[in-house]
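All remarks here apply to the structure that follows.
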Amino acid sequence: MRSVKPSLHVSRRAIVAGAGASLALQAITPAAFAANPMLMNDIANKPQGPDFTLPDLDGNEVRFSDHRGRVVLVNFWATWCPPCRTEIPSMERAWQQLRDDSIVFLAIHVGAGGDRIWEFLAEFNVTFPVLIDRSSAVSKEWKTIGLPTTYVTDGEGRKVLSAVGGREWDHPDLIARIRAVRG
Amino acid sequence: MAALIDSKRNTFFGLAEGRRERVLLRSALALTCIAGSTSAALPQRAEPVRIERDGLKFELAALSQDQVRAFFLARGFAAQQVEQIVETACLHRSAIGSAFTIAEAPEVRVALTEWQVAAAGKEPHSPKVREDWETVWKRPDIPEDAATAFYWALFPTDQTFKPTDYNWGFLTFGLPPGTVFDLRIVWRTDGTAHRTTIEGLQCAQ
């Protein structure tokens, strides 16, 4: 029978490997999907987006239903998810184009992020609100099963568009699609 | 499901060390894209396997043991828990989704429970999916935050993709390091099942 006995040598090697985790993430970034056209798909029957209250990075509670009457982009992501990391900078650029249109962005980090969230957001100068779904209960309630997943909700809080997998969010097609939800 | 961990024998998923099957490498094909074939032979190498046909877009590559260690240590797993994953999971990274690029195209469904992992001398089995790992994640010695990250890092068990949608995630094949195996994959578009076999994959060692 195999006996798992990590040696000191292995532990040291693992620690070194842990320090290089970001390099490992780069190595597992899927490349084949980078050239996809930029689509968001309609969601049949426009189901209601479940209300939630989650803390932001400063510990302030943010409630989804407080944004009733506005179009909201809800993005589920994690710092260790390669396509999430890839798309977040373009989401910031999209936010800069759409924030004056009263369109709200809520990026929900799935799981505990710790200091890595701060480091990541600082690196890419992210300014839209980031919330923490530590237990991932909200993510599952929104029927998210993989990361990243993004929904656009209408003024009544109904899910009208979805995108599973990374996108270039400042692509003109996506900007127009999001603006069209506002009507 | 049977207990995943046999604490008396200190095994994981009931995997015994057993004899390592030595399988000759099949004929090597350059594989940046496999189109229109139903079976493809692969060299054991680091380049990803890529498939794009019948609505499926697929990318698969083995992760080195150090890549696995780096990822799971950074998520909060203890070193010994990480070594158990390294020794038993046969972890590959994947990106799978719809190759369709127009909104009116059919959906693509991928259910990992329909796939088969076939290694010489072993009963074919499905990849180890989120539900298989849940017993492990509920162990009191596994930090909840680490278990949450593991859940989301695994490719979803059953997912339906709309045009251009895709997901990334780890696939765990439940084989010892170095094992050579074939992977029979299935996907469905408009209720039609499509199949192909990727031969000669290998768990990192």
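Derivation of every value follows stated rules applied to the coordinates shown; laboratory data play no part. In this text, all values refer to a predicted model and were calculated from it rather than measured experimentally. Quick reminder, even Gly has a Cβ in these numbers, built from the backbone with ideal geometry, and neighbours come from all protein chains shown.
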Shape call for the range A:30-182, from the Cα gyration tensor axes a ≥ b ≥ c (a/c under 1.5 means rounded, otherwise prolate when a/b beats b/c, else oblate), comes out rounded
So for the pair A:R182, B:T113, with labels modelled 7 Å out along Cα→Cβ, what separation do we get in nm? 4.4 nm
Please list, in chain and number order, the residues 5+ apart from B:L56 or on another chain whose amide H is under 5 Å from its amide H, with Hs placed from the backbone. B:A99
1/(1 + (r/R0)^6) with r = Cβ-Cβ of A:R70 and A:F124, R0 = 22 Å, i.e. FRET efficiency to nearest 0.05, evaluates to 0.35
Once the piece of chain linking B:H194 and B:R139 is laid out straight, how much longer is it, given 0.36 nm per residue of separation minus the C-alpha distance between them? 16.0 nm
Classify the range A:64-134 from the C-alpha gyration tensor, please: rounded if a/c falls under 1.5, else prolate or oblate depending on whether a/b exceeds b/c. oblate
Starting from the Cα of A:D101, step 7 Å along the direction of its Cβ; do the same at B:E123; then give the gap between the two resulting points in nm. 5.6 nm
